[in-house]
Amino acid sequence: MEPLLICTDLDRTLIPNGNQPESPEAAARFAALVAHPEVHLAYVSGRHRGLVEEAIAHYALPMPEYVIGDVGSSMDHRIAGNWRRMIEWEQRIAPDWAGLSHDDLAGMLADVAGLRLQEADKQNRFKLSYYHDTTLDVAEVQARVAPRFVEAGVRARMIWSVDETSDTGLLDVLPASASKYHAIRALMGVTGFGLGNTVFCGDSGNDLEVLVSPVSAVLVGNAQQSVRDRAVRQAAEAGYSGQLYLARGGFMGMNGNYRGGMLEGIAHYQPQVLAALSR
Ligand SMILES: [Mg+2]
């Protein structure tokens, strides 16, 4: 088998913690694939590394080599059983916030009605996270807040998504050059993986940028229809429809949700994994 880098979102992509069921054989098949020495695994999550480790323990997930955490604003490498923070990445994204802190940016948004700060363990140096009602006029808030950042010399990225299990809107404010997509491209650069041997899997709003990029991407079958529609449209606009695979189920008898959908899409791009899966 040729080397392969699998980058995957966790919640409701690798972790079957959504409303739909996962095929019972999917977890063991995925574990068997990533146990192959040529398969390299990176988790790409909104969670910080500690919460990723909790998920690994709680859901008995395979141990990855890399964790891109905090929606792309932190990166860790696992070496000989220990995590090493890849501080080069933080040094690269830090200038976007012009020396301002997480709390400084929170102060700039304090008067925006409808935004509620998430819990302390969901915040980080370069990740400012809010809850909001799904009825919030996202475009209006974005237009109102953007000039404040410009005035402060801050280049910020605002990522909006929805947690369908609780019907809660989520907002992550990040350095403009930090995102799942940018972090994955940086990791590909560091590890020497290219577009021909990297596959990304995701399900929701903060995965969208990768789903519509030149990186081969899989949208799992349990994704919301609105995400599927946006991904299909934006990938077509960007000319990357061939790099977006929509899992539909039926692969090896699985339903296309979560790991079953991931395996279906990975096999679509990398038929070589079929041999590893059918052993
Ligand atoms: Mg997700």
Quiz prompt | Verdict on residue 110 being over 25 Å from the mean Cα position of the chain (by Cα) and either assigned by TED's automatic domain parsing to the domain that holds residue 49 or surrounded by fewer than 18 Cβ atoms within 10 Å (Cβ to Cβ) (or both) | solution = yes
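Could we say that residue 264 is charged (D, E, K, R), modelled with pLDDT of 95 or more and touching a helix residue (DSSP H, G or I) at 6+ places or on another chain (Cβ under 6 Å) here?
Yes, satisfied.
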Practice problem: Identify all residues within the stretch 1-32 that are away from the ligand (no atom under 16 Å from the Cβ) and either within 23 Å of residue 179 (Cα to Cα) or in contact with a strand residue (DSSP E or B) (Cβ under 6 Å, 6 or more places away or on another chain) (or both); write none if there are none. | Solution: 4, 5
Quiz item: Inside the stretch 113-138, can you point out the residues that are crowded, with 17+ Cβ neighbours inside 10 Å and either outside any loop (DSSP other than H, G, I, E, B) or in the same structural domain as residue 51 (by TED's automatic domain parsing) (or both)?
Solution: 115, 122, 124, 127, 128, 129, 130, 131, 132
Quiz item: If you go through the stretch 81-98 one residue at a time, do you hit one that is out of contact with any Cys (no Cβ under 9 Å at 6 or more places or on another chain) and within 16 Å of the ligand (Cβ to nearest atom)?
Solution: no
Exercise. Select from the stretch 194-209 the residues that are assigned to a loop (DSSP other than H, G, I, E, B) and within 11 Å of the ligand (Cβ to nearest atom) and write down the one among them that is modelled with the highest pLDDT.
Key: 203
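The values are calculated or read from the model by the stated rules, or taken from the named source; none is laboratory data. On a predicted model such as this, the values are computed, not experimentally measured, just so you know. We place every Cβ from the backbone using ideal geometry, glycine too, and count neighbours over all the protein chains shown.
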